[in-house]
Amino acid sequence: MQKLKKLYEGKAKIVYETEEPDKVILEFKDVATAFDGVKKEDIKGKGSLNNEISSILFTILENHGIKTHFIKKLSDREMLVWKAKRFPLELVVRNYAAGSFVKRYGVKEGTEINPPLTEFFMKNDELHDPMVCEEHIRFLELAPVELLPKMKKIGLKVNEILKNIFEKANILLVDFKLEFGLLPDGSLAVVDEISPDSMRLWDKQTREKLDKDRFRFDLGDLLEGYKKILLNLKEVI
Ligand code: TMP
Ligand code: ASP
C-alpha cells in the first residue's frame, strides 16, 4: 500500500491518503509532546514502539469483538486503518486517580476508582481539552449525543479487556483515553492510537510509571518505559 497525499499532520502522527479512498496510512512520528504541545522533543524509536503497541492492542480488541479502525501494521512506523469521520471528543476511563483527576478533585494519586468511571473531554489543544458533559456535546455539536452511551459502554468493555491483559503483564492500567469515529460502513469504532502516550501504566509491584508521564514530568527515560510495556505485553499474548 503506497502513501499518497498527506491529509493531516498532528503532534504525534501523520495521516496519508492511499490508492483506496476508504483506507489511510497512519505514520507514527518520533516525537513526544505534552501539555498541549508546549513541551516537545524528538525521541528516536518512539514512533515504532507506539505503532507496535497500538497494533497489538487493536488486534486484541478486534479479537474481543470491539470495532476499531485498525486494518494492519504496515511497517515499523506505519499502520493501515479505515478512513473514519472522527469526532473531536475524547473518552477517558479511570481505574485509579491520577493526572487531571487528582488536580480537579483533590483525590490522592493512586486511589482506586471502583467501579471505573468515564469522562468526556473536548479535543482542542488551544482550549486545553476542557471536560464536557452531554449538554455541552450537544450544543457544541462534538458528536451525536445518542452515540454517547454506546461510547461509554465500549470504553468500559475496552477497560475490562485491557485491564486483564495488563494484569497478566504485571502492569496496572491506571487510565486511558479513547477517540471514536464512524467507519466508511457507518459503524461506530475506536480510532486514533492506543499507546503509552494515551494511557497511564504503572508497574504493579513498584508502581513505577512506564507511560508518557515519564516525559511529562521528567521521571526517567521514556523509551525504557515503553520497551518494558511492549516486552511484558509480548510475554502474555
Ligand atoms: P488526564 O489525567 O490528563 O485527564 O489524562 C487521562 C488519560 O488520557 C491519560 O492516560 C492520558 C490520556 N490523555 C491523552 O491521551 N491525550 C490528552 O490530550 C490528554 C489530556 C490525556
Ligand atoms: N496529548 C497532549 C499533548 O501532546 C497532552 C498531554 O498528553 O499531556 O500535548
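Computed from the coordinates by the stated procedures, all read-outs in this text should not be read as laboratory data. Because the structure is predicted, anything quoted here is derived from the model rather than measured. Positions of Cβ are generated from backbone atoms using ideal geometry, with glycine treated the same way; all protein chains shown enter the neighbour counts.
Going from the residue with the fewest nearby Cβ atoms within 10 Å to the one with the most, 212, 83 rank 83, 212.
Work out, in µm²/s and without decimals, the Stokes-Einstein translational diffusion coefficient of the chain at 10 °C, 1.306 mPa s, Rh from Kirkwood over C-alpha pairs.
Roughly 87 µm²/s, to the nearest whole number.
Given 150/227; 11/228; 152/212, which pairs have Cα atoms separated by over 30 Å?
150/227
Summed over qualifying helices (DSSP H, 4 residues or more, each -39500 (n - 2.57)) and divided by its residue number, the chain shows a 222 nm mean residue ellipticity of -9500 deg cm²/dmol.
Considering only C-alpha atoms, what is the centroid distance from the range 3-65 to the range 107-143, in Å? Measuring centre to centre over Cα atoms gives 23 Å. Among the chymotrypsin sites (Phe, Trp or Tyr not before Pro) in the range 1-40, those located in a DSSP loop and surrounded by at most 14 other Cβ atoms within 10 Å of their own Cβ are 35.
Can you tell me the length gained on complete extension of the stretch residue 145 to residue 160, counting 0.36 nm per residue apart and subtracting the Cα distance?
Difference between extended and current length: 3.0 nm.
Here the Karplus relation 6.51 cos²θ - 1.76 cosθ + 1.60, evaluated at θ = phi - 60°, turns the backbone of the range 30-41 into coupling constants of 8, 9, 10, 10, 8, 6, 6, x, 5, 9, 8, 8 Hz, with x for every Gly and Pro. The GluC sites (Glu not before Pro) of the range 19-111 that DSSP puts in a loop, and whose beta carbon has at most 10 other beta carbons within 10 Å, are 19.
Label zone (residue 206, point 7 Å along Cα-to-C-beta; backbone nitrogen cut-off 15 Å) within the range 46-72: none.
Here's the picture: charge each Lys and Arg Cβ at +1 and each Asp and Glu Cβ at -1 in the range 3-135, and of 25, 120, 102 the one pushed furthest to the positive end of that dipole is 25.
In a simple Cβ point-charge model (Lys, Arg +1; Asp, Glu -1; nothing else charged), the chain has a dipole of about 280 debye relative to its Cα centre. Extension gain for residue 111-residue 237 works out to 42.5 nm (0.36 nm per residue, less the C-alpha to C-alpha distance). Residue 83: net charge of surrounding residues, Cβ under 12 Å, Lys/Arg +1, Asp/Glu -1, itself excluded? Local net charge: -1. Expressed in Å, the radius of gyration and Dmax of the Cα atoms of the range 65-124 are 16.2, 43.
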